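See below for the structure under consideration.
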Amino acid sequence: MTETHAVAPTTSLDWKAFTVVIADDIAEVTLIGPGKGNAMGPDFWSELPPLFRQLDADPAVRAVIITGSGKHFSFGLDLPAMAGTLAPVLADGSKAAPRTAFHDHLLDMQSGINAVAECRKPVVAAISGWCIGGGVDLISAADIRYASSDAKFSIREVRVAIVADMGSLARLPAIIGDGHFRELALTGKDIDAARAERIGLVNDVFDSPDVALDTARATAREIADNAPLVVQGIKSVLERSRANEIADALRYVAVWNAAFLPSNDLTEAMTAVFEKRQPRYKGE
């Protein structure tokens, strides 16, 4: 008989942004919002680090699947929900204190994606629909990525006047190569699942979201059936070779954005989101 249980919440969290079920050594993590398209708001960023640290420490977990609820993996950063975080540093003449607080907040947010990458239990992503911005950061921290044919990907930050700071700039060049990565990061263009497979962003593409998720489950099962300490050792060795480079890149972009993110262009990007129109950038 299969034993299934939900991950117990920490004292202060009840997993508003995720559902988590553990059965037969595999944890299945599903993004549930609460923003439209599983957008990544305050709940996502506060819950992701303790969730993956708990999965890492749980002896009942040998592999993790991460997927999105509904039609989409994630629309990425929930700009309206996160506006309060950006407001102090966007204020005219913001000084050292709000910029320092914003820098610390960026490091806290980075710790969530880092917790996924550093989880000793391999993480398999199943992606359907849109995977934008922070969604790409998240899947770049997974070990294996499967997509359905309707999946679409975009490193969208450049189109909203932001330097991507949650891990894509650090991790994706090793996954898809420098040329493909620079094209996507500098243009913010959308690519379909077929292109994502050609450049190595995803391992395989399947006809439907159900088949992609079933394949992720089958792969997680194969991983979970192997000697768990050996699997963890493989992950440790693989992460070791690039850990310092990724950490340096994340620290640098956090400092960069604390100093240079505030701009008239970013204010224009946020205004355009609220007004549902194309932004008009002036390089200010």
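The values are calculated or read from the model by the stated rules, or taken from the named source; none is laboratory data. Treat the numbers as computed from the prediction; the structure is a model and nothing was measured. We place every Cβ from the backbone using ideal geometry, glycine too, and count neighbours over all the protein chains shown. Each accessible area value is taken on the protein alone, full model and side chains, heavy atoms only, with ligands, DNA and RNA left out. Shrake-Rupley method; radii C 1.70, N 1.55, O 1.52, S 1.80 Å.
Cβ separations smaller than 9 Å between residues 6+ apart or across chains give the following pairs from region 240-252 residues that are within 13 Å of GLY167 (Cβ to Cβ) to residues that are open to solvent by 100 Å² or more (accessible area, probe 1.4 Å) and assigned to a helix (DSSP H, G or I): ALA243/GLU118.
All conditions in (1) open to solvent by 60 Å² or more (accessible area, probe 1.4 Å); (2) over 13 Å from the mean Cα position of the chain (by Cα); (3) in contact (Cβ under 8 Å) with a residue 12 or more places away in the chain; (4) closer than 26 Å to LEU213 by Cα hold for LEU77, with the sole exception of (2).
Against the conditions (1) within 23 Å of ALA247 (Cβ to Cβ); (2) in contact with a strand residue (DSSP E or B) (Cβ under 6 Å, 6 or more places away or on another chain); (3) open to solvent by less than 10 Å² (accessible area, probe 1.4 Å); (4) of a type in the set (A, V, I, L, M), ILE144 satisfies every one except (3). On the stretch given as region 211-249, residues that are of a type in the set (Asp, Glu) and open to solvent by less than 90 Å² (accessible area, probe 1.4 Å) total 3. Of the listed requirements (1) part of a loop (DSSP other than H, G, I, E, B); (2) open to solvent by less than 10 Å² (accessible area, probe 1.4 Å); (3) among the charged types (D, E, K, R), GLU47 misses just one: (1). Considering only residues in region 99-141 that are of a type outside the set (A, V, I, L, M, F, W, C) and without any contact (Cβ under 8 Å) to a residue 24 or more places away in the chain, the one that is most open to solvent (accessible area, probe 1.4 Å) turns out to be ASP104. If we scan region 250-260, do we find a residue that is over 18 Å from ALA141 (Cα atoms), in contact with a Lys or Arg (Cβ under 9 Å, 6 or more places away or on another chain), surrounded by fewer than 16 Cβ atoms within 10 Å (Cβ to Cβ) and not hydroxyl-bearing (Ser, Thr, Tyr)? Scanning region 250-260, I find at least one residue that is over 18 Å from ALA141 (Cα atoms), in contact with a Lys or Arg (Cβ under 9 Å, 6 or more places away or on another chain), surrounded by fewer than 16 Cβ atoms within 10 Å (Cβ to Cβ) and not hydroxyl-bearing (Ser, Thr, Tyr), so the answer is yes. The C-beta contact set for region 143-155 (first residue under 14 Å from ILE65 (Cβ atoms), second residue open to solvent by 60 Å² or more (accessible area, probe 1.4 Å) and of a type in the set (Asp, Glu), distance under 7 angstrom, 6+ apart or interchain) comprises TYR146/ASP204.
To keep it simple, each residue is scored yes or no on (1) out of contact with any helix residue (DSSP H, G or I) (no Cβ under 6 Å at 6 or more places or on another chain); (2) modelled with pLDDT of 95 or more; (3) more than 30 Å from ASN257 (Cα to Cα).
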position: PHE181; (1), (2), (3): no, yes, no
position: LEU184; (1), (2), (3): yes, yes, no
position: ASP192; (1), (2), (3): yes, yes, no
position: VAL202; (1), (2), (3): no, yes, no
position: ASP207; (1), (2), (3): yes, yes, yes
position: VAL211; (1), (2), (3): yes, yes, yes
position: ALA218; (1), (2), (3): yes, yes, yes
position: ALA227; (1), (2), (3): yes, yes, yes
position: ARG240; (1), (2), (3): yes, no, no
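Tally the residues that are of a type in the set (S, T, N, Q), farther than 23 Å from GLY37 by Cα and at pLDDT 80 or above, restricting the search to region 81-111. So the count comes out to 1.
Within 29 Å of ALA151 (Cβ to Cβ) and without any contact (Cβ under 8 Å) to a residue 12 or more places away in the chain: does that describe ASP214?
Here the answer is yes, as ASP214 does meet what is asked.
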